[in-house]
Amino acid sequence: MSAFPAFRRAATASTRRIPHFVRNEHRASLAAFATAASELSKQPTPREPPNFPCVEAHAARESKLQSINGKSGVKLTNESTSEDPSASGPEPPYARPNPSSYQTFSSKKPLPLVYYPESPLPQYDIAYETWGKLNSSKSNAILLHTGLSASSHAASTEANPAPGWWEKFIGPGKAIDTDQHFVICTNVLGGCYGSTGPSSKDPLDSNQAAYATRFPVLSIFDMVRAQFTLLDHLGIDKLYASVGCSMGGMQSLAAGWLHPERVRKVVSISGTARSSPSAIAMRFAQRSVLMADPNWKNGFYYDGLPPHTGMKLARQIATITYRSGPEWDQRFGRRFRDSPSQQPASGPRIPALCPDFLIETYLDHQGEQFCLKYDANSLIYVSKAMDLFDMTHSALTSLNLVSGDAQTPDLTATGSLHLTPPPPHLPDLAAGLVPLVNTPVLILGVQSDILFPADQQRECAAALKLAGNTQVVYYELGGVWGHDTFLLDVANVGGAIRGFLS
């Protein structure tokens with residue numbers, strides 16, 4: 001006799017309550033599964049290896065580049081063959097400039113460099129474009145600073161009617177009103193769109209070879225000093241405003257800091273006064289995959305193939321930092337690309353190992369269309385300059401940009417700065433920003449920005465106030481476009497700029 005008769009009776013009663021048709025269906029399912037398994041065990045067939053169109057596209061690009069490399073008059077370019085999902089959402093325009101569409105200022109006077117005080121840049125070019133008209137007193141000039149990979153082509157011109165990266169922000173009646181202001185935008189020193197950078201010829205090389213990685217490591221301050229030599233050339237003693245976004249936000253702060261007597265107003269959008277460890281890590285990852293490309297050759301690739309694979313992967317990483325998860329949820333969700341030719345007539349969809357989700361095709365396209373558009377060494381050098389940017393007094397002292405003596409503001413004065421808790425480096429940053437104490441400054445942050453999170457702009461505004469600046473305006477914007485908000489949100493970004501400049 002069982003030791004648990006009550007349990008057995010309950011179990012039996014419970015079994016009897018299961019409807020007979022449920023038990024029959026369960027038995028039928030098990031039987032069908034057993035039959036299918038039996039058939040499969042009788043007829044084992046190896047699966048065909050999958051196709052890898054993403055690998056084939058890479059091989060095709062490599063072959064094409066090899067076939068045209070070195071041919072006279074043929075420039076390495078890439079027309080993306082990857083699926084373009086960009087139409088599913090807004091994207092900023094990035095027209096590639098050509099020498100006929102920008103002006104070039106050439107300086108034969110050596111440029112002092114922060115990290116090489118005994119070895120200045122012997123000569124350099126600065127590419128620039130302008131909009132509007134400089135007034136007779138030369139008091140209406142606005143210097144516009146770009147992000148990492150942008151060119152001087154911020155808006156269309158007669159020489160280049162293609163839309164610029166800030167097309168909707170610059171022009172008659174727009175946020176930066178060219179009926180009122182004379183706007184100057186440069187390609188940054190270290191770039192590859194007309195200004196001197198690693199791809200430029202080294203004037204000290206007997207064979208006139210490119211600098212490559214013999215080019216000096218730059219600072220944001222070096223870039224700004226080069227811009228001010230252009231202003232000297234144009235006879236502009238004082239700017240109406242210095243305006244910049246992303247890396248340009250760093251440059252804009254540096255411009256007001258280096259030359260407070262020459263800058264009337266400063267606008268810093270989605271920038272920072274001190275590069276954070278998280279942003280440094282993201283840019284380091286980009287440089288790492290780029291430098292791991294065998295074609296990089298320690299930077300000396302100009303007589304061969306560029307590191308296009310590394311550039312593509314670096315751009316994919318960068319793109320992740322430029323937008324936001326909420327936007328991609330709305331825009332792509334978990335949807336797959338259409339691939340009917342690779343799918344069975346019935347049954348579940350077979351996943352692919354190449355880009356398959358729409359978000360994967362988006363990243364693939366972004367990397368593909370960028371990989372030959374920008375110089376790899378410029379990406380390395382300019383991104384490194386961003387990482388090195390730090391306006392704390394201690395950092396500026398270590399670079400011999402200021403003396404070691406400074407009055408450190410008292411943290412007890414931060415109660416109204418909306419920083420809880422205030423970061424430990426805030427007094428040091430405030431001490432570093434003292435030269436901006438009399439300059440009106442507009443700081444814009446974006447809540448969905450993961451590359452330059454809004455707490456960095458709050459911190460910058462708080463440090464300026466702690467330093468004694470009573471003319472700081474801070475706005476924090478919502479929206480889902482992440483870091484790219486400064487390129488896309490004309491109403492809010494443009495409105496804030498318009499109000500501040502007027």
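The values are calculated or read from the model by the stated rules, or taken from the named source; none is laboratory data. This structure is a prediction, so every number in the text was calculated from the model and none was measured. Every residue, glycine as well, gets a Cβ built from its backbone with ideal geometry; the counts of neighbours run over all protein chains shown.
Inside segment 314-347, can you point out the residues that are touching a residue at least 12 places away in the same chain (Cβ under 8 Å), within 13 Å of Gly482 (Cα to Cα) and of a type in the set (Gly, Ala, Ser)? Break it down stepwise before answering.
Initial filter on segment 314-347 (touching a residue at least 12 places away in the same chain (Cβ under 8 Å)): 314-324, 326-328, 330-337, 339, 342.
In the following step, the residues that additionally are within 13 Å of Gly482 (Cα to Cα) were identified as 318-324, 326-328.
Passing the criteria: Ala318, Ser324.
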### Residue count, segment 381-396 (criterion: assigned to a helix (DSSP H, G or I) and either closer than 14 Å to Ala279 by Cβ or at pLDDT below 95 (or both))
7
### Query
Can you tell me which residue in segment 397-414 is modelled with the lowest pLDDT, limited to those that are outside any helix (DSSP H, G or I), among the polar types (S, T, N, Q) and more than 13 Å from Asp428 (Cα to Cα)?
Ser403
### Query
Tell me, which helices (runs of 4 or more DSSP H) wholly within segment 204-312 include 2 or more residues that are under 25 Å from Thr392 (Cβ atoms) and over 20 Å from the mean Cα position of the chain (by Cα)?
220-234, 247-258
### Task
For segment 151-178, name all the residues that are buried (at least 20 other Cβ atoms within 10 Å of the Cβ), in contact (Cβ under 8 Å) with a residue 40 or more places away in the chain and touching a Pro at 6+ places or on another chain (Cβ under 9 Å).
Ser151, Ser152, His153, Asn160, Gly164, Trp165, Trp166
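Is it true that Lys133 is buried (at least 17 other Cβ atoms within 10 Å of the Cβ) and among the charged types (D, E, K, R)?
When the stated conditions are applied, Lys133 does not pass them.
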### Task
Output the residues belonging to segment 104-141 that are among the small types (Gly, Ala, Ser) and either without any contact (Cβ under 8 Å) to a residue 24 or more places away in the chain or not in a strand (DSSP E or B) (or both).
Ser106, Ser119, Gly132, Ser136, Ser137, Ser139
### Summary
Every listed condition ((1) surrounded by 18 or more Cβ atoms within 10 Å (Cβ to Cβ); (2) in a loop (DSSP other than H, G, I, E, B)) holds for Gly333 save (1)
### Task
Scan (1) farther than 19 Å from Ala395 by Cβ; (2) part of a loop (DSSP other than H, G, I, E, B) for the single condition Arg498 breaks and write down its number.
(2)
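Out of Ala95, Ala154, report the one residue that is hydrophobic (A, V, I, L, M, F, W, C) and modelled with pLDDT of 95 or more.
Ala154
Going by what's in this entry, would Val289 be described as aliphatic (A, V, I, L, M) and under 22 Å from Arg61 (Cα atoms)?
Working: aliphatic (A, V, I, L, M): yes; under 22 Å from Arg61 (Cα atoms): yes.
So Val289 passes the test.
Of these, Glu83, Glu39, Glu79, which one is touching a Lys or Arg at 6+ places or on another chain (Cβ under 9 Å) and at pLDDT below 65?
Values: Glu39 fails: touching a Lys or Arg at 6+ places or on another chain (Cβ under 9 Å); Glu79 fails: touching a Lys or Arg at 6+ places or on another chain (Cβ under 9 Å).
When all the criteria are applied, what remains is Glu83.
Residues to consider are Leu451, Leu433, Leu466, Leu477; find the one that is touching a Gly at 6+ places or on another chain (Cβ under 8 Å), under 15 Å from Arg274 (Cβ atoms) and surrounded by 19 or more Cβ atoms within 10 Å (Cβ to Cβ). Please lay out each step first, then the result.
Working: Leu433 fails: touching a Gly at 6+ places or on another chain (Cβ under 8 Å); Leu466 fails: touching a Gly at 6+ places or on another chain (Cβ under 8 Å); Leu477 fails: under 15 Å from Arg274 (Cβ atoms).
Only one candidate qualifies: Leu451.
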#### Entry: Pairs, first outside any helix (DSSP H, G or I) in segment 429-450, second among the acidic types (Asp, Glu), C-beta under 7 Å, six or more apart
Gly445/Glu476; Gln447/Glu476
### Total residues in segment 365-385, condition surrounded by fewer than 23 Cβ atoms within 10 Å (Cβ to Cβ) and more than 19 Å from Trp296 (Cβ to Cβ)
2
### Query
Has segment 337-359 got any residue that is modelled with pLDDT of 95 or more and in a helix (DSSP H, G or I)?
yes
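Taking the condition touching a strand residue (DSSP E or B) at 6+ places or on another chain (Cβ under 8 Å) and part of a strand (DSSP E or B), does Leu144 pass?
Working: touching a strand residue (DSSP E or B) at 6+ places or on another chain (Cβ under 8 Å): yes; part of a strand (DSSP E or B): yes.
Yes, satisfied.
Here are Ser252, Ser275: which of them is touching a residue at least 24 places away in the same chain (Cβ under 8 Å), of a type in the set (Ser, Thr, Tyr) and touching a Phe, Trp or Tyr at 6+ places or on another chain (Cβ under 6 Å)?
Numbers: Ser252 fails: touching a Phe, Trp or Tyr at 6+ places or on another chain (Cβ under 6 Å).
Among Ser252, Ser275, only Ser275 is touching a residue at least 24 places away in the same chain (Cβ under 8 Å), of a type in the set (Ser, Thr, Tyr) and touching a Phe, Trp or Tyr at 6+ places or on another chain (Cβ under 6 Å).
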### Query
Which one of these does Lys297 not meet: (1) among the basic types (Lys, Arg); (2) surrounded by fewer than 24 Cβ atoms within 10 Å (Cβ to Cβ); (3) on the phi < 0 side of the Ramachandran plot?
(3)
### Query
Only one of (1) within 23 Å of Ala376 (Cα to Cα); (2) part of a loop (DSSP other than H, G, I, E, B); (3) at pLDDT 95 or above fails for Gly173. Which number is that?
(1)
